[in-house]
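The values are calculated or read from the model by the stated rules, or taken from the named source; none is laboratory data. No experiment lies behind these values; they were computed from the predicted model shown. Here the Cβ is made from the backbone with ideal geometry for all residues, glycine too, and neighbour counts use every protein chain on show. Surface areas here come from the heavy atoms of the whole protein model, side chains and all, with no ligands, DNA or RNA. Shrake-Rupley method; radii C 1.70, N 1.55, O 1.52, S 1.80 Å.
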Number of protein chains: 2
Amino acid sequence: MTLGPARRRGLSNEVADVIREAIFDGRYPPGAALREVELSEALEVSRGPVREALRSLEGEGLVRTEWHRGTTVTVLSSQDVAELDSLREALENLAVRRVVAADASLEAMADAAAAMDRASTPHEMVRCDIAFHDAVFAAADHSRLVQAWQAIRSQVHLFLITRVNVSTAGYLEQIRSEHRDLVAALRLGNVEGALKLFAEHRRHALDLLTVPDGAN
Amino acid sequence: MTLGPARRRGLSNEVADVIREAIFDGRYPPGAALREVELSEALEVSRGPVREALRSLEGEGLVRTEWHRGTTVTVLSSQDVAELDSLREALENLAVRRVVAADASLEAMADAAAAMDRASTPHEMVRCDIAFHDAVFAAADHSRLVQAWQAIRSQVHLFLITRVNVSTAGYLEQIRSEHRDLVAALRLGNVEGALKLFAEHRRHALDLLTVPDGAN
DNA sequence: GCTTGTCTCAATGTTAACATTCCTACATGC
DNA sequence: GCATGTAGGAATGTTAACATTGAGACAAGC
């Protein structure tokens, strides 16, 4: 019976999770101010852990803090989206190469892809989408690569939910089949083919979600 | 007359810088404990900013914190070094591609390479080495790429100084010419050629510095 | 009318005291 | 002798009060 390390987490982590979820739920839309006293009162903790949590979220790029001017939820410009896409490409390519090279288990990824069938709302689907790519990076067995992904993960999540609220048409259906294809490509072990599919996947998400408005 | 934003920095940043420099100076070798009270007394600040600074350094991978057990300077295993190298490759390739594609100014990089001639100790040389690669990433004009680089930058720095203390032979001379070649390759605008040179550069540093001991 | 100076207030930055946790060492029981 | 239980102490986690900063409103001067 293998059980993981039973490490305590500390209030800061808990608080960070709550705030993160609140942002993903849309309760704090991009640009909204995250006041320390407001949060500490709502969560019934002191400002210390809240401060640490906000710093942590800042590290994820989810919020932005300015000296003596407070922290706000990150607003993604079109340039930001472009940056996220290019960096994600570099990271994901490395992940795919390692997954194929090490012939890693694809079970977790297949599970994540399957979980999409149970998702009904666009909101849940985005969560599944992110979870799938989490599984890809996890399978790459490269802690710093996972860390680099986590540094932009929340921003990608933010991007997906803000855009998905604009146009949902076709998103839910297309996404499901795409991820199944990605798993299938990895099963075959063809690196170049898998890379190509992942590239197309990113491209589709970008095209589909970026069309509505031109600039920002 | 263009002058940058005159933003205040806050104590935490200052403290983080001081601690970081202390680590790079070898005053806190890998594995050493960084006690909050000790630091706060030495720097004549309260524990608050010290805590935030340590969290910041943890984000850079320079230190490691465990719940109720304090923070220590990161110890890099051979697997860590391998991870750093592969991730750095992915990031640096993207950076080089962007620098060439955008025909960015190479002045800062050339300056950094030239600064190496003035470095006498291995210690200073390592600083210049890192500064050069900082310039490469800066020229890529990609804030999140810079951020990803900064997340491993300190660890690469740590790796270089710990290994350089073991074998300095040939390091100082070889490094200088290598960086000059890198600038020259970028000047030519040949992407593939530049990528190859950067790969060799990483390989040399790894071979030269990794030989002394086998595993960790 | 536009700029400049001052005031006020709200929010963050900082501090120091209190609470909790974990490790070490020692004692106890078998 | 080995395992278990139990204090002691040192470190981090948390809290609440105090200090500092910056933005907006308003008035004075040109």
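Of all residues in segment B:27-37, those that are more than 14 Å from DNA strand C (Cβ to nearest atom) and free of Cβ contacts under 8 Å to residues at least 40 places away in the same chain total 2.
For segment B:101-112, the candidate set comprises residues that are open to solvent by 40 Å² or more (accessible area, probe 1.4 Å) and not in a loop (DSSP other than H, G, I, E, B); within that set, the residue that is farthest from the other protein chains (Cβ to nearest Cβ) is B:Asp111.
Scanning segment A:24-63 for residues being under 20 Å from A:Phe159 (Cα atoms), within 12 Å of chain B (Cβ to nearest Cβ) and either open to solvent by 60 Å² or more (accessible area, probe 1.4 Å) or more than 14 Å from DNA strand D (Cβ to nearest atom) (or both) gives a total of 5. Among the conditions (1) under 22 Å from A:Leu188 (Cα atoms); (2) within 11 Å of chain B (Cβ to nearest Cβ); (3) modelled with pLDDT under 95, A:Arg98 misses just one, which is (3). Annotation: of all residues in segment B:130-141 being part of a helix (DSSP H, G or I) and in contact (Cβ under 8 Å) with a residue 40 or more places away in the chain, the one that is most open to solvent (accessible area, probe 1.4 Å) is B:Ala139.
Here the condition is being assigned to a helix (DSSP H, G or I) and open to solvent by 30 Å² or more (accessible area, probe 1.4 Å); of B:Arg127, B:Arg144, it holds for B:Arg127 alone. Being more than 16 Å from DNA strand C (Cβ to nearest atom), modelled with pLDDT under 90 and of a type outside the set (Ser, Thr, Tyr), is that true of even one residue in segment B:49-60? Looking through segment B:49-60, at least one residue is more than 16 Å from DNA strand C (Cβ to nearest atom), modelled with pLDDT under 90 and of a type outside the set (Ser, Thr, Tyr). With the condition kept exactly as written, say whether any residue in segment A:175-192 is assigned to a helix (DSSP H, G or I), free of Cβ contacts under 8 Å to residues at least 12 places away in the same chain and polar (S, T, N, Q). Scanning segment A:175-192, I find at least one residue that is assigned to a helix (DSSP H, G or I), free of Cβ contacts under 8 Å to residues at least 12 places away in the same chain and polar (S, T, N, Q), so the answer is yes. Would a scan of segment A:161-170 turn up a residue that is surrounded by fewer than 15 Cβ atoms within 10 Å (Cβ to Cβ) and of a type in the set (Val, Ile, Thr)? Checking segment A:161-170: at least one residue is surrounded by fewer than 15 Cβ atoms within 10 Å (Cβ to Cβ) and of a type in the set (Val, Ile, Thr). Inspect segment B:2-19 for any residue being in contact with an Asp or Glu (Cβ under 8 Å, 6 or more places away or on another chain) and surrounded by fewer than 19 Cβ atoms within 10 Å (Cβ to Cβ) and give the result as yes or no. Yes, segment B:2-19 has at least one match. Among the candidates A:Ala115, A:Ala90, A:Ala95, the residue that is surrounded by fewer than 18 Cβ atoms within 10 Å (Cβ to Cβ) and not acidic (Asp, Glu) is uniquely A:Ala115.
Could you list all residues from segment B:64-77 that are touching a residue at least 40 places away in the same chain (Cβ under 8 Å) and either facing chain A (nearest Cβ under 10 Å) or open to solvent by 60 Å² or more (accessible area, probe 1.4 Å) (or both)? The one that is touching a residue at least 40 places away in the same chain (Cβ under 8 Å) and either facing chain A (nearest Cβ under 10 Å) or open to solvent by 60 Å² or more (accessible area, probe 1.4 Å) (or both): B:Val75. Out of everything in segment B:172-216 that is polar (S, T, N, Q) and touching a helix residue (DSSP H, G or I) at 6+ places or on another chain (Cβ under 9 Å), what residue ends up being modelled with the highest pLDDT? Here the residue is B:Asn190. Within segment A:12-26, the set of residues being touching a helix residue (DSSP H, G or I) at 6+ places or on another chain (Cβ under 9 Å) and either charged (D, E, K, R) or within 12 Å of DNA strand C (Cβ to nearest atom) (or both) comprises A:Glu14, A:Asp17, A:Arg20, A:Asp25.
Picking from residues in segment B:117-171 that are at pLDDT 95 or above and of a type in the set (Phe, Trp, Tyr), the one that is farthest from the chain's Cα centre (by Cα) is B:Phe137.
For B:Ser40, the criteria (1) near DNA strand C (Cβ under 9 Å from one of its atoms); (2) in a loop (DSSP other than H, G, I, E, B) hold in every case but one, which is (2).
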